[in-house]
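The structure under discussion is supplied below as structure tokens; questions concerning it will follow.
The values are calculated or read from the model by the stated rules, or taken from the named source; none is laboratory data. Every value quoted in this text rests on a predicted model; they were computed, and no experiment measured them. We place every Cβ from the backbone using ideal geometry, glycine too, and count neighbours over all the protein chains shown.
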Amino acid sequence: MPETAATSPTLTTEIKYYRNDVVLVLCHGRLVAGSEGVLYTTVHQFIPAKKRIILDLADLQHTDSMGLGTLARLYVSAQSAGCSLELMHLSKQIRHLLGLTNLFDVFTVIAESGIKFL
């Protein structure tokens, strides 16, 4: 079946800076095979310069195994460089994927106010 514009692998990001060591990356669209490089390139540029990188996934409509792998890859890169990679506004689908793969316990999930969930 041919891809339509509604299902094309499109991911866009917005960057917001807070203080010198915190950056917020807002993700829009679909984190799927073919678009995961956008997120990796965007976030990786802040490692190790920013000590806290927050991914806001509120507008992320869908992710697949490639997208999940990119999140894990970024987490490992950040941890190796002494940075914190945190997630906020997880959809049911992303929560489910993180739970299935036992990655939910790996990532730090924070609230809208920046407070960490335990």
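Do we have D64 as surrounded by fewer than 20 Cβ atoms within 10 Å (Cβ to Cβ) and within 16 Å of H89 (Cβ to Cβ) here?
Judged against the criteria, D64 is not a match.
At pLDDT 95 or above, outside any strand (DSSP E or B), out of contact with any Cys (no Cβ under 7 Å at 6 or more places or on another chain) and surrounded by fewer than 15 Cβ atoms within 10 Å (Cβ to Cβ) - does that describe any residue in the range 82-96?
Within the range 82-96 (the criterion being at pLDDT 95 or above, outside any strand (DSSP E or B), out of contact with any Cys (no Cβ under 7 Å at 6 or more places or on another chain) and surrounded by fewer than 15 Cβ atoms within 10 Å (Cβ to Cβ)), the answer is yes, since at least one residue qualifies.
Looking for whichever is at pLDDT 90 or above, under 21 Å from K16 (Cβ atoms) and in contact with a strand residue (DSSP E or B) (Cβ under 8 Å, 6 or more places away or on another chain) here; the options are A78, A111. Which one fits?
That would be A78, the only listed residue that is at pLDDT 90 or above, under 21 Å from K16 (Cβ atoms) and in contact with a strand residue (DSSP E or B) (Cβ under 8 Å, 6 or more places away or on another chain).
Okay, next question. Going through L87, L71 one at a time, which residue ends up being over 17 Å from V22 (Cβ atoms) and touching a Leu at 6+ places or on another chain (Cβ under 8 Å)?
Just one listed residue meets the conditions, L71.
Give the range 42-76 a look and list any residue that's among the charged types (D, E, K, R) and outside any helix (DSSP H, G or I), or say none.
Listed by number, the residues that qualify are K50, K51, R52, D56, D59, D64.
Say we look at the range 1-60 and pick out the residues that are more than 25 Å from G82 (Cβ to Cβ), among the β-branched types (V, I, T) and under 16 Å from the mean Cα position of the chain (by Cα); which of these is modelled with the lowest pLDDT?
Only one residue fits best here, namely T10.
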